[in-house]
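I have placed the structure first, in the form of structure tokens, so that the comments after it can refer back to it.
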Amino acid sequence: MNHLMYDNILFTVALFAVVAVILAIAIQQLYKKKSAYNTYLFLGLSGSGKTALYAKLRYDQAVETHTSMKENEAYVRLFITLIDETEPLLKTPVHIVDIPGHEKLRFKFTEFIPIARGVVFLIDSATIGRSVRPVAEYLYDILANKHVIKRKIPVLIACNKKDLLTSLPHEKIQVLLEDEIDQLRITRTASLDHRDSGDEIEFLGYENEKFKFEHLVNKVEIVGCSVDKDEFNNIKEWITDVESGY
Ligand SMILES: Nc1nc2c(ncn2[C@@H]2O[C@H](COP(=O)(O)OP(=O)(O)OP(=O)(O)O)[C@@H](O)[C@H]2O)c(=O)[nH]1
Ligand SMILES: [Mg+2]
């Protein structure tokens, strides 16, 4: 009788062990699948040129755009146009998602961040002088997002519309943004205790130093471009580099 009970216990333990191993393998496979995502998010305020960029990559032509109310997503192959030939940059298509910049819709980016490989944050370089506060606030939410920090999701800040006479150079925009985020950091940290969803936002940069993008755990690059004038090879090259693991 005792012997039988012992056998039963042994069997149950063995069964549990087998189930645990199967579960562990299943979870690992699921995680592998997730980390194999090649999703790039196009984020930024309304009017920064996200849908224009999306359309150029998807249809290879300009389309008339209106303020987006819903995200656009597609798998696209990235090509780069050199003087006399068109070269494919990557063999496999990448998943691009353009999220509306409207204040009430942009929160949707948090749904896509868990599967994102990279973020392209677009800025209208012609209006940044007067919109630096809301731009920095949105950028702050992205940079302080726990997934972005944990998975060190790289961010490309693309200062679009450089073709416009009133546009600021991206080096100047970098200074404006770093100054603004430095200010925001003070107010946001001060109100840290009052937030209800406490785990989403983290402190950015070094505590006793002025904020700089280079202090972040993830790579943040800033470039100038013009989607309208087809001057955005640097965005395609950045995506290619991230895909290739550089
Ligand atoms: N001059 C100039 N205009 C541009 C450029 N890129 C986009 N635009 C224009 O900027 C306007 C807004 O572009 P959209 O792509 O619709 O902006 P969006 O970021 O998708 O805006 P929401 O959908 O409201 O979030 C359009 O009229 C574009 O044609 C550029 O490089 N230069
Ligand atoms: Mg749009």
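The values are calculated or read from the model by the stated rules, or taken from the named source; none is laboratory data. This one's a predicted model, so the numbers in the text were calculated from it and none came from an experiment. Here the Cβ positions follow ideal geometry from the backbone for every residue, glycine too, while neighbour counts run over all protein chains shown.
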Of the residues in segment 72-82 that are modelled with pLDDT under 85 and more than 22 Å from C159 (Cβ to Cβ), the one that is farthest from ligand 2 (Cβ to nearest atom) is L82
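Just a yes or no: is a residue in segment 183-202 in contact with a Leu (Cβ under 7 Å, 6 or more places away or on another chain) and at pLDDT 90 or above?
No: segment 183-202 contains no residue that is in contact with a Leu (Cβ under 7 Å, 6 or more places away or on another chain) and at pLDDT 90 or above.
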When you go through (1) within 12 Å of ligand 1 (Cβ to nearest atom); (2) in contact with a strand residue (DSSP E or B) (Cβ under 6 Å, 6 or more places away or on another chain) one by one for I115, which number turns out not to apply? (1)
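Can you tell me which residue in segment 53-71 is surrounded by the fewest Cβ atoms within 10 Å (Cβ to Cβ), limited to those that are more than 8 Å from ligand 2 (Cβ to nearest atom) and assigned to a helix (DSSP H, G or I)?
The residue in question is Y59.
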Mind listing whichever residues of segment 200-227 are assigned to a loop (DSSP other than H, G, I, E, B) and in contact with a strand residue (DSSP E or B) (Cβ under 8 Å, 6 or more places away or on another chain)? E200, N218, K219, C225, V227
Out of (1) more than 11 Å from ligand 1 (Cβ to nearest atom); (2) closer than 30 Å to E214 by Cα; (3) part of a strand (DSSP E or B); (4) not β-branched (V, I, T), the odd one out for A74 is which? (2)
When segment 228-246 is examined, which residues are found to be of a type outside the set (F, W, Y) and either within 16 Å of ligand 2 (Cβ to nearest atom) or outside any loop (DSSP other than H, G, I, E, B) (or both)? D228, E231, N233, N234, I235, K236, E237, I239, T240, D241, V242, E243
So I128 clears everything in (1) touching a Leu at 6+ places or on another chain (Cβ under 8 Å); (2) crowded, with 20+ Cβ neighbours inside 10 Å; (3) touching a residue at least 60 places away in the same chain (Cβ under 8 Å) except one condition, right? Which one? (3)
